[in-house]
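Worksheet: one structure, shown below.
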Ligand code: Q46
Ligand code: ZN
Ligand code: ZN
């Protein structure tokens, strides 16, 4: 960053965003991130002042940055931490929870951090349930993804939040898009968007306010704000195909700044112009007989089948 100057004030720049041809100093970068997020919230009609937002907080940089940005913009936002019970020898889940708790204490003590521990609720941690179900022979990721989606949905519903916000950044979204395109997962492509309308009345709308920010922009934001976050990735993410997709997209970005952003934005534009419009209609979703969340399976949804013999005796705090 040596020699770079802030475009707004001429001070020393802390970040140079080649794709935007924009270098900014610390205060102007913070201001730019917040104003840009506000613009995305409005553009995609994510939420409005007065709507209660629940931020899914993992303890990583993106979700903590998201929570910080949304609160600094004046929205009413609380956090939800899902305890997955993942250790990996490093105490990954414990560390993540400690970062989330420290963030609230240090920055926004008036905000509420809800905590839902999977093992305390259902009797088994994610690695344990994955082990006994057919879903997790090699890695618990597919059971984990299913459980996280279901429990975030349920929590937002039971706690009365209209909006559920997640910290997916552009690198995440572009990698998912790449994977879905590579395998022509038309139904997934049809559902990939910055905003997903509520599945049913009473359920939360799902939003991704950071979906147009590069991962390095969010890392820089967390750094300049002094947010402590868990640096380690989940131990099960090693070897995930999404990581190799990210590397590939980074190589493209290196050669052509903005390539990643254009890949994602062109996709959104194609969707706006009607691509996949018909495939959405053909997905037959109905409420699960046990939990009421939408499913395409007859009877119980995949989540409820996973815990078919378990009873739930614990609520979200
Ligand atoms: S799915 Fe898999 Fe992640 Fe769950 S087990 Fe870890 S890597 S946390 S995004
Ligand atoms: Zn400046
Ligand atoms: Zn169900």
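The values are calculated or read from the model by the stated rules, or taken from the named source; none is laboratory data. Since we're looking at a predicted model, the values are computed, not measured. For neighbour counting, all protein chains shown are included, and Cβ atoms are generated from backbone atoms with ideal geometry for every residue, glycine included.
Number of residues in the range 97-133 that are assigned to a helix (DSSP H, G or I) and within 16 Å of ligand 3 (Cβ to nearest atom) equals 4. Restricting attention to the range 221-237, the residues that are free of Cβ contacts under 8 Å to residues at least 12 places away in the same chain and either within 16 Å of ligand 3 (Cβ to nearest atom) or surrounded by 19 or more Cβ atoms within 10 Å (Cβ to Cβ) (or both) total 0.
Condition first: part of a loop (DSSP other than H, G, I, E, B) and either touching a helix residue (DSSP H, G or I) at 6+ places or on another chain (Cβ under 6 Å) or within 25 Å of residue 150 (Cα to Cα) (or both). Can you find one or more residues in the range 259-268 that meet it? No, the range 259-268 contains no residue that is part of a loop (DSSP other than H, G, I, E, B) and either touching a helix residue (DSSP H, G or I) at 6+ places or on another chain (Cβ under 6 Å) or within 25 Å of residue 150 (Cα to Cα) (or both).
The residues of the range 268-288 that are loosely packed, with under 13 Cβ neighbours inside 10 Å and at pLDDT 90 or above, listed by number, are 269, 270, 272, 273.
Is it fair to say residue 94 is modelled with pLDDT under 95 and part of a loop (DSSP other than H, G, I, E, B)? Show your work before the answer.
Details: modelled with pLDDT under 95: yes; part of a loop (DSSP other than H, G, I, E, B): no.
Answer is no for this residue.
For (1) on the phi > 0 side of the Ramachandran plot; (2) assigned to a helix (DSSP H, G or I); (3) within 16 Å of ligand 1 (Cβ to nearest atom); (4) buried (at least 16 other Cβ atoms within 10 Å of the Cβ), each residue gets a yes or a no:
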residue: 3; (1), (2), (3), (4): yes, no, no, no
residue: 23; (1), (2), (3), (4): no, no, no, yes
residue: 30; (1), (2), (3), (4): no, yes, no, yes
residue: 79; (1), (2), (3), (4): no, no, no, yes
residue: 82; (1), (2), (3), (4): no, no, yes, yes
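Candidates 159, 210: the one that is surrounded by 19 or more Cβ atoms within 10 Å (Cβ to Cβ) and under 21 Å from residue 48 (Cα atoms) is 210. Against the conditions (1) crowded, with 19+ Cβ neighbours inside 10 Å; (2) more than 30 Å from residue 102 (Cβ to Cβ); (3) out of contact with any strand residue (DSSP E or B) (no Cβ under 6 Å at 6 or more places or on another chain), residue 42 satisfies every one except (1).
If you filter the range 229-248 down to residues that are part of a loop (DSSP other than H, G, I, E, B) and in contact with a helix residue (DSSP H, G or I) (Cβ under 8 Å, 6 or more places away or on another chain), you find that the one that is farthest from residue 60 (Cα to Cα) is 240.
I'm checking my understanding of the structure. Among residues of the range 32-59 that are in contact (Cβ under 8 Å) with a residue 40 or more places away in the chain, part of a loop (DSSP other than H, G, I, E, B) and over 30 Å from residue 117 (Cβ atoms), which one is nearest to ligand 1 (Cβ to nearest atom)? If you could, list the steps in order and put the result at the bottom.
Looking only at the range 32-59, we keep the residues that are in contact (Cβ under 8 Å) with a residue 40 or more places away in the chain, and these are 33, 36-37, 40-41, 44-47, 51-59.
Now drop any that are not part of a loop (DSSP other than H, G, I, E, B), which leaves 44-47, 51-52, 58-59.
Keeping just the survivors that are over 30 Å from residue 117 (Cβ atoms) gives 44-45.
Values: 44: 23, 45: 27 Å.
Going through the qualifying residues, I end up with 44.
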